[in-house]
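A short reminder: the numbers here are calculations on the coordinates, not readings from a lab. Predicted model, so just to flag it, every value in this text is computed and none were measured. In this analysis, Cβ positions are derived from the backbone assuming ideal geometry, glycine residues included, and neighbour counts consider all displayed protein chains.
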Amino acid sequence: MEGNATGIGRVLVLAFYVAGIWSAYISHGILQETLSTKRFGPDGKRFEHLSFFNLVQNVICFLWSLIMIKLWSRSTRGAPWWSYWSASITNTIGPAMGIEALKYISYPTQA
């Protein structure tokens with residue numbers, strides 16, 4: 001019976017993590033959509049620096065991940081954090097390039 005309780009607990013923790021990741025994606029999408037489509041200020045200008053917004057998001061995610069690794073890592077064994085540089089660079093540059101490329105594609109084409 002004890003093994004079953006542990007399994008249910010692990011499923012609940014997984015569900016909590018999945019809900020956290022999805023809520024982060026949805027809130028970021030709503031914020032990005034609001035910034036990119038609404039007009040701000042007395043001139044009614046749109047926010048034009050979505051690449052910078054993406055960069056800030058990635059820096060925050062990097063710092064948060066580093067904090068979580070330091071807090072939750074139980075052992076010092078494993079790959080060093082700098083071994084993930086290629087994945088992190090492509091994850092940072094890819095969306096920024098996508099945002100820039102979408103500026104030249106009409107919305108009906110995107111949809």
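May I ask you to compute the full-extension gain from residue 8 to residue 25, defined as 0.36 nm times their residue separation minus their alpha-carbon distance, rounded to one decimal in nm? Can you show the working numbers first?
Values: separation 17, 0.36 × 17 = 6.12 nm, distance 2.57 nm.
Full-extension gain reported as 3.5 nm.
Is any helix in the chain, taking whole DSSP H runs, at least 24 angstrom long along its axis by alpha carbon and on average at least 1.0 on the Kyte-Doolittle scale, and which ones?
Span-like helices here: 50-72.
Report the gain in length on full extension from residue 56 to residue 16: 0.36 nm times residue separation, minus Cα-Cα distance, nm rounded to one decimal.
11.9 nm
Which of 82, 6, 37 sits closest to the plus end of the dipole of region 1-105, meaning its Cα is farthest towards the positive end, when Lys and Arg get +1 and Asp and Glu get -1 on the C-beta?
82
Taking R0 as 30 Å, what's the FRET efficiency between residue 37 and residue 68 from their Cβ-Cβ distance, rounded to 0.05?
0.40
Which of these values of Rg/Rh (Cα atoms, Kirkwood Rh) was calculated from the structure shown: (1) 1.10; (2) 0.99; (3) 1.13?
So the calculated entry is the one marked (1).
Below 8 Å between Cα atoms, with a sequence gap of 6+, how large is the relative contact order for the chain in percent?
Computed value for the chain: 22 percent relative contact order.
About the Cα centre of region 16-78, how large is the charge dipole given +1 on each Lys and Arg Cβ and -1 on each Asp and Glu Cβ? Please answer in debye to the nearest 20.
220
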